[in-house]
Every structure is written in structure tokens, then in C-alpha cells.
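Working notes for the structure below.
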Amino acid sequence: MKHTIILFSAALALFLSASQVQAREDRTIVQNQLAAIQDKAAVFQPGGAWFPFPAYTDREGWDKLLGSHKEAFIKTGEKYLQRPWAFIAAHEFLEFEKDGDRKHIKEDNNNKAAMGALMMAELAEGKGRFLSHLADGLYYYAERATWSYAVHTGRQNSGRYLPDPDERIISLGSANTAGYVATALYFFKDEFDKMDPNISQAILYALDENIFKPYLDDNKIPNQFWLGFNRKDGGHVRNWTTHCTTLVMQAFLLCQPNQETLLKAIQRSAFSIDQYLDDNNLDGCCDEGPSYWDMAGGKLYDYARMMYDASGGRIDIFGDDQFRRIGEYKVKTYIGDGWVLPFADGGARAAGSDPLIFRYGLDAGSKELENFGLYLAADPKRKRFKESIASTGQPIRVLYTLLYEQRMREAEQAALQAAGGDFDKMRDGLLHTTSEYYSETEVATLRNKAGWFLGVKGGNNGESHNHNDVGSGILFVDNCPVIIDAGVMTYRKETFSSQRYTLWCMRSDWHNTPTINGVVQSPGREFTAKGSSCSLKDNRFSTDIAGAYPEEAACISWQRSYTLGEDSATITDRYRLKERKAADEVNFLCQGKPVVEDGNVVIEVCSFDGKRTHRIAVSYPNALTPQVDEKEMDDPRFSNIWGEKLYRLRFVSSEKAPLSGSYTFTFKEI
């Protein structure tokens, strides 16, 4: 259907050997390629000579690279010339420590946007007009006690949130800052030196204190789980590993002056990326949800592209099958009209960056992913392709987007020509995604020819960014949400604490799962589905979710199956209980308000733009009573997607229902 880094001690070496033995197959792909480079010192030279972009003074080179975008970059930079740099005060860290409310924190996003815009504007214009204000921002960061966001400074040994200047820990925010700061220093060091050499010295010192030293300090390993050393204790690595490793290595490769230190960093990064590949499933599925792909799989691509260039092609993971599958996960979980399969903390609307997706597909040899990038760039309203060039954003992505732009434009024109100039026909042909089953992760995406999409999962309740949602599924008809996953509210202190599962959106009774004997699912990897299977031929997924519930549920088995027919979807629960303690409730979360009248249940659903509507009837067993609960969406992360309210449709059994039986629900358009 059309939709669509040398090791620091013998102990470390021993750990690496042990982790390789435990791996289901050899995933030390980057370390092996690095070890095969005999003269590493000759290949990896300090100073960033590998960076495939013109020097600042090469005006002809920048004019050629920027092309028609030159003036747009300059105009964007001009908007930030008079903008003051945001100052983050001590009381904001202290207030966040008290209540965890992010409203107290002026996150660095605007500062980063300003740095990126000023940097690109100066590279475009080349007259020095943007350098003074850029130097102000960089010098501010050179003086800051931490580059981490307040939400992450609690990882300090003190457990407090006010930054300890003697303890720098690398987190998402500090790694992100490093990417901007290092790129600016790389391009403009000579110009800063003309102003005052202290500017560059201060920036380099700050990079050393915030990034270079803590990255290679073995004593900081426990505070930097994303390095991958925690896996010996059962830990896992996900998007922090790819995000932090890539941006940290960008700083090392561009600005680290000592070659021995640079080589140590490269070796450590290779270890971390291999840990990421080994810890993730070979099927390529991101259990954090598609909206985390840009930080997870997308950042893995950024690392692969950067290390390929820095090594002169000696480090090349583009042809790895798992690498390709990690990329293709982005398209396999795309529903349509901007909707994606939302599980865990992943949001329901996150189509992604079309240039990044195109580049990933091109380098990984995936025509499907390459075409998906073109599909996202195709504007169906204007009947033309978007330019897809961002004036702000992480510099490594902005620059590589420019480097690949000509190839993307050529691919767009080739696709249009192949469709005989028919834009709509071309766009439809770019997305031809079939049903998919990720057997290791137990996630299935089922589709039919009538435009129905069923996304379902088994898995366990200890996955990254977990919600208690084993056995849950979502249903879309014609890209209109019928039963949904709400996603997650704006991150707060409780989100990643022992209080996580007190938040309604994390609980199983606010997912499309049953409440058994009055008991909801429990968090932890031990609470898991069993016997999950999927037939793509029959568009059917089945799993036993009894193991996701604690003993109090007294559940022997709860076999849930999803079947997608030609014009309907059926969910069947077959259960056996040890004893009956309370009524069962089978929950379905809806955006459209379910109407219950004379025993009939109808859900009116609509597209995101409100222009298409469908009426879906739900048939259910006579032994169950339908009830509807309203939930106010008082958080913008919810309301921006779902509107003012969501509705929970509950089918409630008798408190004396039998110990075994079945419930069948059919969704069909009327």
C-alpha cells in the first residue's frame, strides 16, 4: 500500500572482550575497522583538514556551496544581530530542583539558533559583520559553569542541580553546545585572533573543561551512562549514545590539538557506537519510537558520515545491514499525513528531516529510504519540492545538507521525469510501504489496500522511555486516528524519576490494553509479553500479555490478537484467570468522542487538518458495558496534537464474569 573510539586500561580491555562474547553476533564493526588502520596518526590529523567544506576565506567556495541560499542565510543572521544572549540564572536551577517545572528554565535553544544563524550568515557574507556578536555568545559559553541543561545537572555526584564548576558531565545539552562551539572555532579562529587571541583561547579552554577532559576521564564513566560501559551491569544505550558521541567527536575532530588525545577519543567513540549497535536489535526497530529517530538512528548516520570523511573512507558502516534497517525504520513506521507510530515517549507526529532521510538512504543504499526523503520534500499543495535548507540547527546537519543538495535536486527531477511530469503520481509512487514485523522488538505495522493502518506491539515494560503498554495497538483509517497512543506530556521532574508511573500517560489503563481483575500493568523488563507472532500474509499479530501484569491480577493467560481485514480491524482477547476479584475493563483511547446510544458505539474521526471525516462503528460482546471518560488535555505537548480533550472508551465486564472466556471487538466504517 502506498504510504508511506587505544583503550585506557587492562580492565577496560577485559570488559570489551566480555561484551563481545555476550553479543549475539560480532557488532564491533567500527572498532574492527579502526584497528585495521595501521597508521592512525597519519590518517587522523588534528585541525579538521578532513572537513569537506571551504575555509572561511574561500569566498568562491562558499558562493558555490550556498548557491541561491546565500541571501537567505544572511537575512536570517541579521535577525539575530540585535538579539541579546539568554542568561540562565542560578535561581532557575534551584527552582527546577524544587518543583521540576521546566517553565523556570530558559533552555539554550534560542542561543543555539542564534549561534547557528550567525555562523552561517558570516560564512555566506564573509565581511566580518556577524563575528562580534557571535564572539559574545561564544565567550558567554566559555565562562559558564556548565554546558548541560538544568534537567541533567542532577547527574552530578552531589545530586544537586546548581552546576558544580569542578564537575563537568557530558549530557545532551553540553554535547549539543560542543557541536556549535567547535564548528565556530574551526571556521573563525583566525578572525577571532585578529580581534583578540583570548577569545579563541577561552573557547578552546572551555571545550577542554566541558568536553575533552570529561570524555576521556574514566572516573566520570558512572555519570556518563551513554558511553556504554554500564551494559556490564545490565544497562542499555539508546539515543544519548548516538547524540552525545557524534557531537563530542565533531568537537574532537575539529578542535582537539593533541593527536594522541584525539586518537584516544576516536577509539572511545568507536566503542560506544559498537555498544549502541550491539544493544539495539538487528531488526532496526527503535523501541523509543519514531520521533526519537533523529537523535538515535539519525545521529548514527551523522557519526557514520563524519567518520567516513575523517578516515578517508577507511571507517565505513554504510553497507551494514543493521545500519540500513535502522534507517528504514523511519519509513516503515510512517502512517501518512505526518502521523507516525507512537509508542513509549515517542510522539505521534514526527515525519522527520527530509534531507537527512534522503542522505541516509543514499549512503546506505536504500532506495526506499531515499525515496521517503523525496516524498517528505514534495509539497502536494504547491506541486513542487521544498528547498529543505535550514538556516539554523546543528551545524553538521546544515552543512551536509548543503553538500548533498545537488544530488537531492537531481533525484527529485529524475523522479518527476519518471512520472511523466505528473507531480501527484510521482509523490504517490515515492512511498510504497508494506506491512512489516520487527520480530526482536515485537512491533508490527499492518496495512491494507483500503488505507487502514494497524500498529501493534508486544515487548516488555522495561524498554527505553517505557510506557506500560505491552499489547497495545493503534488504528488509523485514511490517516485519521481511531484508537491512539497519547504519547507523553512535557517533560518534568517526575518523568524520569521513581514517580514516572504516577503520570496518567505512562499507565496501561490509558493505553489500549485491558485492566485485568482491576489491576494495571507493572513497569520493568520482567513484565513482558510471551509467544508474540505475526503473519504478514494474514495481517495478523498475536501475543500473550498476562506476563505484563503483577500477581495480583491473578491472570494465567491473556492472549490478544489483532487482525486487519480488507475493510475492518478486529481485536480479540482470550483469557484465563486463577480467580475473579473484580471486573475486567478493556480500554481504548480515542481522539474522537465515542457516542454510545442504544448499545451501539460509534467513533467519528477526522484528519489532522479536519477536512476528512469517517464514522467507525465498534461491535463488542453483549456481556460488556461501554463507558466513556473524558480527559482534558492541559499540556501543550498533548493539545497541539490531539486538541482539548481525549476520550477513553472502556468496555466493562461483570464483577462475576467467568474465569475464562473471550472478548472480540470489531472496528468497521459505516
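Could you tell me whether region 574-584 includes any residue that is at pLDDT 95 or above, under 29 Å from Ser522 (Cβ atoms), touching a Lys or Arg at 6+ places or on another chain (Cβ under 7 Å) and not aromatic (Phe, Trp, Tyr)?
So in region 574-584, the residues at pLDDT 95 or above come out as 574-584.
Those left that are additionally under 29 Å from Ser522 (Cβ atoms): 574-584.
Narrowing further to those that are touching a Lys or Arg at 6+ places or on another chain (Cβ under 7 Å): 580.
Keeping just the survivors that are not aromatic (Phe, Trp, Tyr) gives 580.
Within region 574-584 (the criterion being at pLDDT 95 or above, under 29 Å from Ser522 (Cβ atoms), touching a Lys or Arg at 6+ places or on another chain (Cβ under 7 Å) and not aromatic (Phe, Trp, Tyr)), the answer is yes, since at least one residue qualifies.
Listed here are the residues, each with its yes/no results for (1) touching a helix residue (DSSP H, G or I) at 6+ places or on another chain (Cβ under 9 Å); (2) farther than 30 Å from Gly352 by Cα.
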position	(1), (2)
Asp218	yes, yes
Gly228	yes, no
Thr245	yes, no
Asp287	no, no
Asp294	yes, no
Gly298	yes, no
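Looking across region 67-104 at every residue that is crowded, with 17+ Cβ neighbours inside 10 Å, hydrophobic (A, V, I, L, M, F, W, C) and over 30 Å from Glu387 (Cα atoms), the one that is modelled with the highest pLDDT is identified as Phe93. Quick check on Ser291: is it in a helix (DSSP H, G or I), closer than 30 Å to Asn468 by Cα and either hydroxyl-bearing (Ser, Thr, Tyr) or touching a strand residue (DSSP E or B) at 6+ places or on another chain (Cβ under 8 Å) (or both)? Spelling it out, Ser291 is indeed in a helix (DSSP H, G or I), closer than 30 Å to Asn468 by Cα and either hydroxyl-bearing (Ser, Thr, Tyr) or touching a strand residue (DSSP E or B) at 6+ places or on another chain (Cβ under 8 Å) (or both).
Quick check, is Val605 in contact with a Cys (Cβ under 7 Å, 6 or more places away or on another chain), buried (at least 17 other Cβ atoms within 10 Å of the Cβ) and part of a strand (DSSP E or B)? Steps first, answer last, please.
Details: in contact with a Cys (Cβ under 7 Å, 6 or more places away or on another chain): yes; buried (at least 17 other Cβ atoms within 10 Å of the Cβ): yes; part of a strand (DSSP E or B): yes.
The answer is yes for Val605.
Results for (1) in a loop (DSSP other than H, G, I, E, B); (2) out of contact with any Ser or Thr (no Cβ under 7 Å at 6 or more places or on another chain); (3) modelled with pLDDT under 95; (4) farther than 16 Å from Gln591 by Cβ, shown as yes or no for each residue.
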{"site": "Ala623", "(1), (2), (3), (4)": "yes, no, no, yes"}
{"site": "Asp629", "(1), (2), (3), (4)": "no, yes, no, no"}
{"site": "Leu646", "(1), (2), (3), (4)": "no, yes, no, no"}
{"site": "Phe667", "(1), (2), (3), (4)": "no, no, no, no"}
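Of all residues in region 478-511, those satisfying the criterion of being of a type in the set (Asp, Glu) and in contact with a Lys or Arg (Cβ under 7 Å, 6 or more places away or on another chain) are Asp478, Glu494.
The residues of region 370-402 that are touching a helix residue (DSSP H, G or I) at 6+ places or on another chain (Cβ under 7 Å) and among the aliphatic types (A, V, I, L, M), listed by number, are Leu374, Leu376, Ala377, Ala378, Ile389, Ala390, Ile396, Val398, Leu402. Looking for whichever is of a type in the set (A, V, I, L, M) and surrounded by 24 or more Cβ atoms within 10 Å (Cβ to Cβ) here; the options are Leu216, Leu207. Which one fits? Result: Leu207 is the single residue among Leu216, Leu207 that is of a type in the set (A, V, I, L, M) and surrounded by 24 or more Cβ atoms within 10 Å (Cβ to Cβ). When residues in region 25-57 are screened for being modelled with pLDDT of 95 or more, part of a loop (DSSP other than H, G, I, E, B) and charged (D, E, K, R), 1 of them pass. Based on what the data block shows, is Val456 farther than 26 Å from Leu374 by Cβ and surrounded by 21 or more Cβ atoms within 10 Å (Cβ to Cβ)? Taking the combined requirement at face value, the residue satisfies it. Taking the numbered list (1) in contact with a Gly (Cβ under 6 Å, 6 or more places away or on another chain); (2) in a helix (DSSP H, G or I); (3) not charged (D, E, K, R) in turn, Ala251 passes all entries but (1). Kindly establish whether Leu123 is surrounded by 21 or more Cβ atoms within 10 Å (Cβ to Cβ), at pLDDT 90 or above, more than 28 Å from the chain's Cα centre (by Cα) and on the phi < 0 side of the Ramachandran plot. Yes: the conditions hold for Leu123. Scanning region 652-666 for residues that are within 14 Å of Arg580 (Cα to Cα), small (Gly, Ala, Ser) and loosely packed, with under 12 Cβ neighbours inside 10 Å yields one hit, Ser660.
Return the residues of region 202-221 that are farther than 23 Å from Tyr139 by Cβ and within 24 Å of the chain's Cα centre (by Cα); say none if nothing qualifies. Spell out the reasoning first.
Initially, region 202-221 is screened for residues farther than 23 Å from Tyr139 by Cβ, giving 216-221.
Matches in region 202-221: Ile221 only.
In region 314-332, the residue that is farthest from Asp279 (Cα to Cα) out of those that are of a type in the set (D, E, K, R) and part of a helix (DSSP H, G or I) is Lys332.
The values are calculated or read from the model by the stated rules, or taken from the named source; none is laboratory data. Predicted, not measured: the structure shown is a model, and the values here were computed from it. Using ideal geometry, Cβ is built from the backbone for each residue, glycine included, and neighbour counts are taken over all protein chains shown.
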